[in-house]
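Enquirer: Here it is, the structure in full.
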Amino acid sequence: MKIVETIAEVREQVKQWKKEGLTVALVPTMGYLHEGHRSLMERARKENDRVVVSVFVNPTQFGPNEDLASYPRDLEHDAALCDSVGVDLIFHPAPEEMYPKGFCSFVDMDVLTKELCGLSRPVHFRGVCTVVSKLFHIVTPDRAYFGEKDAQQLAVIKRMVLDLNLDIEIVGCPIVREADGLAKSSRNTYLSPEERKAALVLSRSIFAGKKLAESGETDAHKLVQAMTDIISAEPLARIDYVKVVDLLTMQQIDKLDRPFLAAIAVYIGKTRLIDNFMVQAGGAGA
Ligand code: PAF
């Protein structure tokens with residue numbers, strides 16, 4: 001496994017692979033990799049000849065009062081995990097490599113990014129779309145892998161690929177959870193032991209919401225209320241949003257009569273955590 005820091009080195013390697021007729025996967029990450037990332041890499045490993053993982057804490061997707069400076073970083077640990085899965089190349093650029101002096105071109109999106117996390121994180125998806133487009137242009141992958149935990153991000157990337165005619169297959173992979181239900185996230189490391197216990201309220205509300213949907217409830221507002229009641233009972237939790245939206249457009253719906261996403265964002269102390277469940281046509285999925 002190689003670790004490279006420049007765009008030129010990635011291009012050179014990928015050019016070589018493509019000359020040999022090999023398929024290339026990209027798993028974009030911000031590092032501090034966990035079992036959720038591992039599941040993306042393993043799927044990418046199975047489905048492609050070569051796997052590239054990008055490890056880059058992307059400054060443009062953090063707002064001015066967010067956790068860019070404190071976001072956890074550990075390249076040595078990340079490299080060991082990538083190596084154990086059989087990743088071929090880690091791309092670990094410095095911020096100046098991705099955003100050289102004078103950088104002023106961004107990829108932005110309307111509609112889907114104006115709901116859910118887009119409301120409390122106004123610059124977030126512009127940063128995500130910009131960095132992911134750049135990575136797509138640098139790596140030119142056949143397939144790219146994203147976690148369903150960031151369900152809105154996944155919908156946004158799928159829409160961007162469609163709108164901008166990018167010839168890349170976007171693969172969504174299921175949420176990976178701790179044994180007690182908490183969705184794996186690099187930000188879980190911010191939680192104190194007391195907050196870690198309180199954070200279980202997210203998965204509890206997701207599981208209850210899913211059960212209600214599976215039992216035949218068709219009123220989206222009742223689903224939101226049931227999930228909200230569970231979270232509100234936890235003193236350390238502060239709700240950012242609890243919403244049910246159309247799975248493709250991310251717009252709020254009243255009736256559960258189409259594929260939908262039930263998504264929550266909750267502060268536990270200072271840490272903002274997200275979780276969700278989706279119902280594709282024909283039944284609830286994780
Ligand atoms: O999901 C993430 O870790 C990031 O948003 C991504 C897709 C790597 C872009 O920086």
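Enquirer: So for each of 154-162, 93-101, 51-59, 79-87 I average, over its residues, the number of other beta carbons within 10 Å; can you give me the resulting order with the highest mean first?
Expert: Packing proxy ranking, top to bottom: 51-59, 154-162, 79-87, 93-101.
Enquirer: Cα-Cα over 31 Å: which of K46/K243; K149/K222; K184/K243; K2/K184; K101/K149?
Expert: With Cα atoms farther than 31 Å apart: K46/K243; K101/K149.
Enquirer: Based only on Cα atoms, what mean projected area does the convex hull of segment 7-152 have, in nm²?
Expert: 9.2
Enquirer: Hey, any idea what % of the chain's accessible area is carbon plus sulfur with a 1.4 Å probe?
Expert: 52
Enquirer: While we're looking at this one, here's another question. Determine the gain in length on full extension of the stretch A8-E169; use 0.36 nm per residue of separation and subtract their C-alpha separation, reporting nm with one decimal.
Expert: Here the answer is 55.6 nm.
Enquirer: Hey, can you rank 169-177, 11-19 by average C-beta count inside 10 Å, highest first?
Expert: Per-residue mean Cβ counts within 10 Å order the peptides as 169-177, 11-19.
Enquirer: What is the distance in Å between the Cα centroid of segment 1-75 and that of segment 102-142?
Expert: 16
Enquirer: How high is the FRET efficiency between E35 and D254 when r is their beta carbon distance and R₀ equals 25 Å, given to the nearest 0.05?
Expert: E between E35 and D254, to the nearest 0.05, is 0.10.
Enquirer: Would you tell me the accessible area of R43, worked out with a 1.4 angstrom probe on the heavy atoms of the protein chains, in Å² to the nearest 10?
Expert: R43 has an accessible surface of roughly 90 Å² with all protein chains in place.
Enquirer: Starting from the Cα coordinates of segment 167-250, work out the convex hull volume and express it per residue in Å³.
Expert: 143
Enquirer: FRET efficiency for D246 and K270, Cβ-Cβ distance as r, R0 = 45 Å, nearest 0.05?
Expert: Once rounded, the FRET efficiency stands at 0.90.
Enquirer: Which percentage, to the nearest 5, of the DSSP beta bridges contained in the chain is antiparallel?
Expert: 55
Enquirer: Leaving out ligands and nucleic acids, note down the accessible area per residue over the chain with a 1.4 angstrom probe, in whole Å².
Expert: 47
Enquirer: When each pair of different Cα atoms in the chain is counted once in the 1/r mean, what is the Kirkwood radius in angstroms, to one decimal?
Expert: About 19.7 Å, per the Kirkwood formula over Cα pairs.
Enquirer: Follow-up. Please compute the contact order of the chain in relative form: average sequence separation of alpha-carbon pairs under 8 Å and at least six residues apart, divided by the residue count, as a percent.
Expert: Answer for the chain is 17 percent.
Enquirer: A further question on this structure: Can you compute log10 of I(q)/I(0) for segment 164-204 with the Debye formula, treating each Cα as one identical point scatterer, at q = 0.16, 0.21 Å⁻¹?
Expert: -0.52, -0.69
Enquirer: Also, I was wondering about something else. Mind checking the full-extension length gain between H221 and F103? Use 0.36 nm per residue of separation minus the Cα-Cα distance, one decimal, nm.
Expert: Full extension of this stretch gives 38.1 nm more.
Enquirer: Let me ask something else about it. Counting helices only, and only those DSSP H runs with n ≥ 4, report the 222 nm mean residue ellipticity of the chain as the sum of -39,500 (n - 2.57) divided by its residues, in deg cm²/dmol to the nearest 500.
Expert: -11500 deg cm²/dmol
The values are calculated or read from the model by the stated rules, or taken from the named source; none is laboratory data. Keep in mind that this is a model prediction, so the values were computed, not measured. Ideal geometry is used to build each Cβ from the backbone, glycine not excepted, and the neighbour counts take in all protein chains shown. Quick note on the areas: whole protein, heavy atoms, side chains included, nothing else; ligands and nucleic acids left out. Shrake-Rupley method; radii C 1.70, N 1.55, O 1.52, S 1.80 Å.
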